Amino acid sequence: MTTTGTAGSQDGDAARCTAMDLLRWSGMPVEEATSLRDVSFPVKWLSAGQPLAVEGAPLESLYFVRSGTLKVFQTERDGYEQVHAFALKGDILALDSLHDERHATAATALEPSSVAVLALREWQRATREHPLLARLQARAASLELARRGATLHNMAAVAAEVRLARFLLQLSARQALLEFPPRKLRLRMSRRDIASLLGVSHESVSRSLGILATEGLIRVNHREVDLVDEGGLVARQSTTRPERDAPRLMAH
């Protein structure tokens, strides 16, 4: 952390953003945060597929997602990647590693992305000196817990297409908060990554996309997914049983 920084551009190590930028990108008010204009952090740019954090490595920084999408995951002994979350703009990565200061999970960029690097000791000092930054971290931690709860809710459904419907609606809601079109989803993650998050097979994700499309709820074109009937998708995600055991839905 240094002072007199400005929001940077893609100029390597020269790129910086201010603490006010962090508040703004997370959706918090900045009217009373003028003192944070002089607190700045370096910005790290990532290409698609580039790792940001390595599981088990010493924790040196937290990372505030400035742009793009990152996959948060753990790798099992057999090489299987268990996806925990997809991080978007406004999320803070590595909060789950503060207890022992070692990365509990890994993170990799799914598309060209950027993060503000919050060097741990300096960030801890900044949160003590600036209550708004402490509130920002608490808000990010609360959102992470809520989203993990939502993932557990997804997995409570037996039918893979219901799990997928819930995932699509949650992603839509996150896009809306970021002021992106909520009904036009661009899946930056692979079908395999979605399957890992939802606890189903890769084939089940492809089959479930087909089922929801056949029902007229979504339109799929490779990684582009349009929510054609959002109300119908909401109704679809409220069931927990496989379609053959659930009451038939009204046609739309």
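Side notes on the structure shown:
- Only a single criterion out of (1) open to solvent by 30 Å² or more (accessible area, probe 1.4 Å); (2) within 17 Å of Pro42 (Cα to Cα) is not satisfied by Leu110, namely (2).
- Hey, Val162 of a type in the set (A, V, I, L, M) and more than 25 Å from Gly231 (Cβ to Cβ) or not: no
- Matching residues in region 195-206 - criterion: being farther than 13 Å from His84 by Cβ and either within 15 Å of the chain's Cα centre (by Cα) or surrounded by fewer than 19 Cβ atoms within 10 Å (Cβ to Cβ) (or both): Ser201, His202, Glu203, Ser206
- Ala141 being loosely packed, with under 15 Cβ neighbours inside 10 Å, assigned to a helix (DSSP H, G or I), in contact (Cβ under 8 Å) with a residue 40 or more places away in the chain and in contact with a helix residue (DSSP H, G or I) (Cβ under 8 Å, 6 or more places away or on another chain): yes
- Test: residue in region 156-172 that is touching a His at 6+ places or on another chain (Cβ under 8 Å), among the small types (Gly, Ala, Ser) and open to solvent by less than 40 Å² (accessible area, probe 1.4 Å): no
- Identity of the residue in region 144-155, in contact (Cβ under 8 Å) with a residue 40 or more places away in the chain and over 23 Å from Ile218 (Cβ atoms), that ends up least open to solvent (accessible area, probe 1.4 Å): Glu144
- Meets criteria (open to solvent by 50 Å² or more (accessible area, probe 1.4 Å), at pLDDT 95 or above and more than 22 Å from the chain's Cα centre (by Cα)) for Arg192: no
- Considered as a group, the residues in region 23-64 that are open to solvent by 60 Å² or more (accessible area, probe 1.4 Å), assigned to a strand (DSSP E or B) and without any contact (Cβ under 8 Å) to a residue 60 or more places away in the chain include one that is nearest to Ala126 (Cα to Cα), and that residue is Pro58.
- Here Gly5 clears all of (1) at pLDDT below 90; (2) surrounded by 15 or more Cβ atoms within 10 Å (Cβ to Cβ); (3) in a helix (DSSP H, G or I) except the condition numbered (3).
- Within region 65-84, considering residues that are open to solvent by 50 Å² or more (accessible area, probe 1.4 Å) and not in a strand (DSSP E or B), the one nearest to Ser196 (Cα to Cα): Tyr80
The values are calculated or read from the model by the stated rules, or taken from the named source; none is laboratory data. This one's a predicted model, so the numbers in the text were calculated from it and none came from an experiment. Ideal geometry is used to build each Cβ from the backbone, glycine not excepted, and the neighbour counts take in all protein chains shown. Only protein heavy atoms, including side chains, enter the accessible area calculation; ligands, DNA and RNA are left aside. Shrake-Rupley method; radii C 1.70, N 1.55, O 1.52, S 1.80 Å.
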